[in-house]
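The values are calculated or read from the model by the stated rules, or taken from the named source; none is laboratory data. A quick note: this is a predicted structure, and the numbers were derived from the prediction, not measured. Note: ideal-geometry Cβ built from the backbone for every residue, glycine included; neighbour counts use all protein chains shown. In case anyone asks, the SASA skips ligands and DNA or RNA and just uses the protein heavy atoms, side chains included. Shrake-Rupley method; radii C 1.70, N 1.55, O 1.52, S 1.80 Å.
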Amino acid sequence: MTNRSKRVTIRTVAEDADVSVAAVSKVLRNSYGVSDRMRAKVEASIKKLGYRPHMAARGMRGRSYTVGVLQTDLRNPYIPDIYDGIYEGFEGTGIQPLLGVGRSMVPLESALVNSMIDRQMDGLILISPRLSHTEVDHIGRQVPTCAVAFHPGDDKSYDTANFNDQDGAHFAVEHLVAQGCRNIQMLSLELDEPESTNVIRQRELGFLAALQTLTGDATKDRIHYSQFDAAQTRARVRALLQSPQRPDGLFCWSDMIAVHVFAEARDLGIRIPEELAVVGYDNTYDDQFRPFGLTSLDQPGQQLGLEAARLLIERIQGRSESVHSVFEPELCVRGSSTTDRQ
């Protein structure tokens, strides 16, 4: 039998770099006052020796230098931009984000969050959680927490980073009205939870409010519901486009739904934008809708990720008051909605 190689410790790194253990610790913690020369020496030894901090020992000292990132669905093409921002936001801090996927199922989300807390992670970032604001408040009272794409209630225990979804929906309706659309409808997503903390509900509220202000007609039958299942969504879209009250302007809760609208409209011979103006949300699919492109609400995911990381670092460092950052989306107008109906 071969002997297991001796674990490289912080003392081994200090000896190799010819510095003190305290100096190595400062570099690992990204402490203020470490010179560039010192940092370079220590990082060179870390790389040479293949040193990895002992996470259990760090956890016993009060920090694990890990944060949990809870995401509902890996199929949404908008999410990677948020990840990019999160990873960039933690760069140089020694904090490692670890991902859990809740699959839009509340029991699974709760189980993942509890596991992250049990593993003494320093904080949590919850991306579009299906959990209620009461549950998120309970989580925030146990561990520093920032929720992304989750609109807060009156809870003060956690932070949020959002774009203004109601304003985004208003911009979409305002644009469709300006294009001469008279029968504007919305494709939303069918959810079990009715709470307005969800960004989709916020977009519905903004849609109805904009319709009431701009057209005087804001009945709830203007909103139609799709599902996560692609085949069922395609069937719902086809039924809507074949109905006697077929819309001439359609606001989709996400660009993913707009994909199905384009496909069904093509199969039914409905011309976009001449017969149907389409507006999406997230600005993720421009390259796939050439030559005319998809009009969509732009809300850079990387900006949300950076803000979530910044807020969580502040919480970990001791800030106790809640911060709810809200940014404004921008309507990017392209050929899917530019019509002349005046």
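Here's the picture: charge each Lys and Arg Cβ at +1 and each Asp and Glu Cβ at -1 in segment 181-313, and of 227, 312, 181 the one pushed furthest to the positive end of that dipole is 181. Taking the Cα centre of the chain as reference, the dipole from Cβ charges on Lys and Arg (+1) and Asp and Glu (-1) amounts to some 1760 debye.
Accessible-area rank, largest first, for 225, 158: 225, 158, with all protein chains present and a 1.4 angstrom probe. Which of rounded, prolate or oblate describes segment 144-260 when judged by the alpha-carbon gyration tensor and an a/c cut-off of 1.5? It comes out oblate by the Cα gyration axes.
Ranking 28, 147, 108 by Cα position along the charge dipole of the chain, where only Lys, Arg, Asp and Glu carry charges on their C-beta atoms, puts 28 farthest toward the positive end.
3J(HN,Hα) along segment 320-328, derived from phi through the Karplus expression 6.51 cos²θ - 1.76 cosθ + 1.60 where θ = phi - 60°, amounts to 10, 6, 7, 10, 10, 7, 10, 10, 9 Hz, with x in place of Gly and Pro. Local charge for residue 87 was computed over the other residues whose Cβ lies under 15 Å away, with Lys and Arg +1 and Asp and Glu -1, and equals -4.
In terms of accessible area, using a 1.4 Å probe and ignoring ligands and nucleic acids, 138, 170, 151 rank largest first as 138, 170, 151.
Under a 5 Å amide H cut-off, with hydrogens placed 1.01 Å from N, residue 189 pairs with 226 among residues at least 5 apart or on other chains. According to the square roots a ≥ b ≥ c of the eigenvalues of the Cα gyration tensor, what is the shape class of segment 68-132, taking rounded for a/c under 1.5, prolate for a/b larger than b/c otherwise, and oblate for the remainder? Oblate, since a/c reaches 1.5 and b/c is not below a/b. Solvent exposure of residue 84, expressed as accessible area, is near 80 Å², computed with a probe of 1.4 Å over the protein chains only.
Averaged over residues, the count of other Cβ atoms within 10 Å places the peptides 252-260, 216-224 in the sequence 252-260, 216-224, highest first.
Rounded, prolate or oblate for segment 207-342? Axes are the square roots of the Cα gyration tensor eigenvalues, ordered a ≥ b ≥ c, and the cut-off for rounded is a/c under 1.5. It is prolate, given that a/c is not under 1.5 and a/b is the larger ratio.
The simple Förster model, with R0 at 35 Å and r as the Cβ-Cβ distance, assigns residue 110 and residue 213 a FRET efficiency of 0.35.
With label points built 7 Å along Cα→Cβ from the Cα atoms of residue 11 and residue 43, find their separation and express it in nm. The two pseudo-label positions are separated by 2.7 nm. Residues 274, 91, sorted by accessible area with the largest first, give 91, 274 [1.4 Å probe; ligands and nucleic acids excluded]. Distances between placed amide hydrogens fall under 5 Å for residue 123 paired with 68, all partners being 5 or more residues away or on another chain. For the peptides 14-22, 306-314, the ranking by mean Cβ contacts within 10 Å, running from highest to lowest, is 306-314, 14-22.
Summing charges over neighbours of residue 139, with a neighbour being any other residue whose Cβ is under 11 Å away from its Cβ, gives -3 when K and R count +1 and D and E count -1. Placing a pseudo-label 7 Å from each Cα along the Cα-to-Cβ vector at residue 205 and residue 156 gives an inter-label distance of 2.1 nm.
A full extension of the chain between residue 192 and residue 321 corresponds to an added length of 43.3 nm, given 0.36 nm per residue minus the alpha carbon distance. Put simply, the amide H of residue 278, placed in the peptide plane, has neighbours under 5 Å in 250, 337, leaving out anything fewer than 5 places away on its chain.
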